[in-house]
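These notes concern the structure reproduced below.
The values are calculated or read from the model by the stated rules, or taken from the named source; none is laboratory data. Treat the numbers as computed from the prediction; the structure is a model and nothing was measured. Positions of Cβ are generated from backbone atoms using ideal geometry, with glycine treated the same way; all protein chains shown enter the neighbour counts.
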Amino acid sequence: MTAAVEFQSVSRHFGHGPDTVKAVDAVDLRIAEGSFFAMLGPSGSGKTTCLRLISGFEQPTAGAIRIFGQDVSAIPPNRRNVNTVFQDYALFPHMSVRDNVAYGLMVKGMARAPRHAKADEMLHLVQLGGYGDRKPSQLSGGQRQRVALARALVNEPRVLLLDEPLGALDLKLREAMQDELKALQKRLGITFVFVTHDQNEALSMADSLAVFNQGRIAQIGTPAEIYAKPRTRFVADFVGSSNLLPPALTQTLGGPAKWSSLRPEHLMFAESGPITGTVLAHRYLGAATRVIVKAGETEIAALVPSGQPLPEPGRTTAIAFAPHHLHVMEEN
Amino acid sequence: MTSSAILPERGLADRLTAFFWRRPRVFLALLLTPPLLWLGLVYLGSLFALLWQSFYSIDEFTGMVKPEFTLKTYSELFRPANFDVIFRTLVMASAVTLGAAILAFPIAYFAARFARGRWKAVFYLGVMLPLWSSYLVKVYAWKLILAKEGIITWATGLTHSSGILNALLSLPVIGGNSLSTSYIGMFLVFVYVWIPYMILPMQAALERVPASMLEAAQDLGATRAQTFRTVILPLALPGIIAGSIFTFSLTMGDYIIPQIVGNSANFIGMAVYQLQGTAGNIPLAAAFSMVPILIMLVYLTLAKRAGAFDAL
């Protein structure tokens, strides 16, 4: 099967000589058709540049980009059957909501009546039926987000690109939109490529995700794979929170001399265990309490569900865990 | 050490700050009174006094102003000869505005979209520099440039393109003996003198259009031309209108350029200048100055109806 989007050692460098910024550095990537793909990474990691390479707003310095098997290096953005939901939504302030949504159809030359009918249908799909006559300035942030979504989807793109679309929304709305986006993607069957720096968002929505770091992909996989088996310290730390154990400590726990990762929720306090240390502090999180233990040079966090007894700060305690939860990574 | 919850007062400045904090309206009133006095009384007052004069008329025998309300002066204004003056000025002002807008757009677009750092400084300097020298000096300089013995005639002779210049000058109405005595020359000087007033508001308007808006248009399938027509132009329109108000009204009121460059045909500004000076017909001069004001009001109403200010 051809991939919806394929990167073949794609690079995008800015500047020349010693000042060159390698925003995207020899990235290989295959995004399966019909999947919800997330690009996750801190700011400046190259994920947004990758998205702009797909939409055509950036051109690769090297490498080839294929969309459904076709090389798009010579194709400008307006001729790519790909649409973007912009981070700031980029709605046209001088047009009504209906005209915003119908814009893509208008520039393709569709007559007014059918394009307005189709725009209204799309507005209905994003639960904004009846808002067509308003101006974008009269809508809330969440509503603008939906208009931007409808405006991109009305063109029936083969790939929908979303650039941190939920970043400006408050927590409740963001969670509601996450569910809606996911449901919409399932229903339409369009490939979604979603850029975010929020690991919860990426884990909960994506079918597969790529973790970006410094212009390169640190790891690609399903959310469960990446959470359970991070390949590097960066991934372990960025996706979820993790205790990173140096090679020496891994060895005392029976592993090879490599870095390993232990998730805080897999740790228990016990009478005896492989790790012992002094309790430094508690941090109350509501559903659980995070207990920080100093074991030698390493600080280890354990997550204790609410209602369970907590070791007092200053006490010496042992930490136990099921051996299969110790994940050994590739780094020495 | 314990410290008081309230810091000590340090004199008059603190007392004034406290006073204005309690009475913000007093502060606003103090701030606004001088400019309102100037704008309201001195400026608008004298403007209305002038316009009032246009409803008086002049006694044809004594040459004195009769302070009685009449529309006689206005009927005089629309005599064919005066109507020609108004029409000529209107056409010139429209042409200058259009020419300035077309020339200014690429410059403003470059400055708003691409110029950064040093290039931005070069842009502002380049646009403002002509404003630093005297208006009269610039106009006389242009007269020399456009003259029959000037550099343009010389350059066309050198490049064997005198034919083009002569063809241009042999055009009916806008042509003439030389560029400096033709409407073409006057148009060039007007555009040169007023173009900074078109570029600056245009650039400010274009700067406010986010880059993502242009990308969104392209992303949705628009060509460059479609993006320009449906997104850039409508969003830049308030700036273009603001700039055109400057170029249009400045051209309408100018009385120096038509005197120095051109075929000495009369323009509104020149008519006002002559009527209030040598002719001493203040009422007719006042009636003439009503014309640009009315035209501007009509223009702004039309612009508003066309939705030029919707994006403000």
What are the residues in the range B:59-85 that are part of a helix (DSSP H, G or I) and of a type in the set (D, E, K, R), if any?
B:Lys72, B:Glu76, B:Asp84
Which of the residues belonging to the range A:1-40 are touching a residue at least 40 places away in the same chain (Cβ under 8 Å) and of a type in the set (Phe, Trp, Tyr)?
A:Phe7, A:Phe36, A:Phe37
Considering residues of the range A:248-264 that are part of a helix (DSSP H, G or I) and polar (S, T, N, Q) only, the residue farthest from A:Val235 (Cα to Cα)
A:Thr252
For A:Phe57, which of the numbered conditions (1) surrounded by 23 or more Cβ atoms within 10 Å (Cβ to Cβ); (2) assigned to a loop (DSSP other than H, G, I, E, B); (3) aromatic (Phe, Trp, Tyr) fails to hold?
(1)
Only one residue in A:Leu91, A:Leu53 is within 18 Å of the chain's Cα centre (by Cα) and either in contact (Cβ under 8 Å) with a residue 40 or more places away in the chain or outside the structural domain of A:Gln214 (by TED's automatic domain parsing) (or both). Which one?
A:Leu53
I need the helices (runs of 4 or more DSSP H) fully contained in the range B:198-278, keeping only those with at least 2 residues that are over 17 Å from the mean Cα position of the chain (by Cα) and more than 14 Å from every other protein chain (Cβ to nearest Cβ).
B:257-260, B:268-276
Would you mind stating whether B:Ala211 is under 27 Å from B:Ser244 (Cα atoms), touching a residue at least 40 places away in the same chain (Cβ under 8 Å) and out of contact with any Phe, Trp or Tyr (no Cβ under 8 Å at 6 or more places or on another chain)?
yes
Given the criteria in a helix (DSSP H, G or I), at pLDDT 85 or above and in the same structural domain as B:Phe288 (by TED's automatic domain parsing), does B:Phe20 qualify?
no
Can you spot a residue in the range A:225-246 that is surrounded by 18 or more Cβ atoms within 10 Å (Cβ to Cβ), at pLDDT 90 or above and over 25 Å from the mean Cα position of the chain (by Cα)?
yes
Any idea how many residues of the range A:71-81 are assigned to a loop (DSSP other than H, G, I, E, B), out of contact with any Pro (no Cβ under 8 Å at 6 or more places or on another chain) and within 14 Å of another protein chain (Cβ to nearest Cβ)?
4
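Listed here are the residues, each with its yes/no results for (1) in contact with a helix residue (DSSP H, G or I) (Cβ under 9 Å, 6 or more places away or on another chain); (2) within 11 Å of another protein chain (Cβ to nearest Cβ); (3) crowded, with 20+ Cβ neighbours inside 10 Å.
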| position | (1), (2), (3) |
| --- | --- |
| A:Gln87 | yes, yes, no |
| A:Ala90 | yes, yes, yes |
| A:Val97 | yes, no, yes |
| A:Asn100 | yes, yes, yes |
| A:Met106 | yes, yes, yes |
| A:Arg112 | yes, no, no |
| A:Gly129 | yes, no, no |
| A:Arg134 | yes, no, no |
| A:Arg144 | yes, no, yes |
Inter-residue pairs, beta-carbon under 8 Å, first closer than 23 Å to A:Phe86 by Cβ and within 14 Å of chain B (Cβ to nearest Cβ) and in the range A:56-70, second surrounded by fewer than 17 Cβ atoms within 10 Å (Cβ to Cβ) and hydroxyl-bearing (Ser, Thr, Tyr), 6+ apart:
A:Gln59/A:Ser73
Kindly check whether there is at least one residue in the range B:125-138 that is under 24 Å from B:Leu168 (Cβ atoms) and either surrounded by 13 or more Cβ atoms within 10 Å (Cβ to Cβ) or without any contact (Cβ under 8 Å) to a residue 12 or more places away in the chain (or both).
yes
Within 30 Å of B:Ala115 (Cα to Cα) and of a type in the set (S, T, N, Q) - does that describe any residue in the range B:283-293?
no
Quickly run through the range A:160-176 and pick out the residues that are surrounded by 20 or more Cβ atoms within 10 Å (Cβ to Cβ) and either out of contact with any helix residue (DSSP H, G or I) (no Cβ under 7 Å at 6 or more places or on another chain) or part of a helix (DSSP H, G or I) (or both).
A:Leu162, A:Glu164
Of all residues in the range A:112-128, how many are modelled with pLDDT under 90 and either farther than 20 Å from A:Leu181 by Cβ or more than 27 Å from the chain's Cα centre (by Cα) (or both)?
0
